[in-house]
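What follows is one structure encoded as structure tokens, with my remarks underneath.
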Amino acid sequence: MSELDIINEWLQIAYDDYDSARFLYENKIPKPLEIICYHCQQSAEKSLKAYLCANDIDIPKTHEVKRICVQCSEVDGSFSVFFFDCEELEVYATETRYPIRIEIDDTHAKRALWQASRIYEFVSRKIALLKTSEAECLENRMISVRMAQVQDIDRISLVLATSWRTAYRGIVDDDYLDALRDDHWIEFLTSALNGDSIFSMVLLDNQEIIGASILGKSETENEIQMISFYLLPENIGQGFGQTFYSEIEKEMRNKGFTTCVVDVLENNKRAIRFYEAHGFVDMRVKEAVTLGKRSYPLRVFKKTLP
């Protein structure tokens with residue numbers, strides 16, 4: 001069996017585990033929730049092991065999914081977005097297989113299916129990238145940026161909600177993130193995009209929205225605020241964020257803005273590194289935002305637009 005065959009077999013087994021879990025969830029009554037979650041854990045584990053195999057890294061004999069994910073992140077830092085998902089899935093490797101079990105309800109099963117699916121799709125894309133050059137991949141994916149339209153609102157809200165649940169896991173309370181609905185931003189976006197003080201831009205992959213930004217006029221003259229800037233987690237680490245931001249900055253300048261400000265949760269280190277790398281300066285201003293039952297500290301960053 002060739003190396004490529006082995007990699008593909010890892011991915012196929014990972015998919016079979018996910019597909020089995022999905023089938024059981026949709027068709028079995030009552031739903032065997034423990035078995036569903038177990039298959040989801042197995043899918044994530046095998047997906048990540050496929051990535052290690054594709055990079056000629058010895059596959060550890062362990063069910064510790066986060067440990068495997070950390071190994072993947074040492075090759076590609078974008079895998080770090082799945083650390084918290086892996087921690088949650090890891091408990092299903094053993095605790096679901098014995099008479100004295102952890103308590104699992106339908107919400108856990110749905111979340112495990114969502115996590116396994118995202119990890120499988122993310123790894124599949126990463127392995128495809130290894131088989132072709134980055135330039136070829138970008139060309140084939142037809143990445144583009146445009147102004148958002150009213151018909152994009154549902155998709156933008158989905159992108160924001162999905163990104164929030166991943167980016168802020170471990171930073172914001174799980175209860176708040178788990179309750180965040182895909183349509184959370186629809187009302188705000190519907191109102192905002194019909195006015196003249198806020199606009200939105202979207203990043204597309206073959207005409208499908210994979211990133212979204214919302215920008216609004218600040219109280220300071222010629223200053224704009226970056227309200228939101230997110231990519232779907234599986235597209236992080238491929239240079240798309242830089243492409244997206246560059247186009248947004250061009251639009252800000254075209255509209256006559258000379259400065260841009262952005263508020264970042266203090267513990268969101270990835271976002272802070274991103275904005276600093278793009279010329280934003282920490283204004284040493286501390287603010288706070290309330291999400292659910294807690295208040296979280298914010299840091300304010302500002303950039304003079306060239």
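The values are calculated or read from the model by the stated rules, or taken from the named source; none is laboratory data. Predicted, not measured: the structure shown is a model, and the values here were computed from it. Here the Cβ is made from the backbone with ideal geometry for all residues, glycine too, and neighbour counts use every protein chain on show.
Miscellaneous remarks
- When residues of the range 167-193 are limited to those that are free of Cβ contacts under 8 Å to residues at least 12 places away in the same chain and closer than 30 Å to Asn222 by Cβ, the one surrounded by the most Cβ atoms within 10 Å (Cβ to Cβ): Phe188
- Criterion (modelled with pLDDT of 90 or more and over 25 Å from Leu177 (Cα atoms)) met by exactly one of Ala128, Ala50: Ala50
- So Val159, is it touching a strand residue (DSSP E or B) at 6+ places or on another chain (Cβ under 7 Å), buried (at least 16 other Cβ atoms within 10 Å of the Cβ), in a helix (DSSP H, G or I) and modelled with pLDDT of 90 or more: yes
- Some residue of the range 33-43 being modelled with pLDDT of 95 or more, within 14 Å of Ala109 (Cα to Cα) and of a type in the set (Gly, Ala, Ser): yes
- Inter-residue pairs, beta-carbon under 9 Å, first among the small types (Gly, Ala, Ser) and in the range 259-271, second assigned to a strand (DSSP E or B), 6+ apart: Ala271/Phe229; Ala271/Val262; Ala271/Val264; Ala271/Leu265
- Within the range 176-226, the residues that satisfy the criterion of being in contact with a Lys or Arg (Cβ under 7 Å, 6 or more places away or on another chain) and either modelled with pLDDT under 90 or not assigned by TED's automatic domain parsing to the domain that holds Thr162 (or both) are Ser197, Asn206.
- Any hit, the range 267-288, residues being in contact with an Asp or Glu (Cβ under 7 Å, 6 or more places away or on another chain) and buried (at least 18 other Cβ atoms within 10 Å of the Cβ): no
- Odd one out for Val264 among (1) assigned to a strand (DSSP E or B); (2) over 17 Å from the mean Cα position of the chain (by Cα); (3) among the hydrophobic types (A, V, I, L, M, F, W, C); (4) at pLDDT 95 or above: (2)
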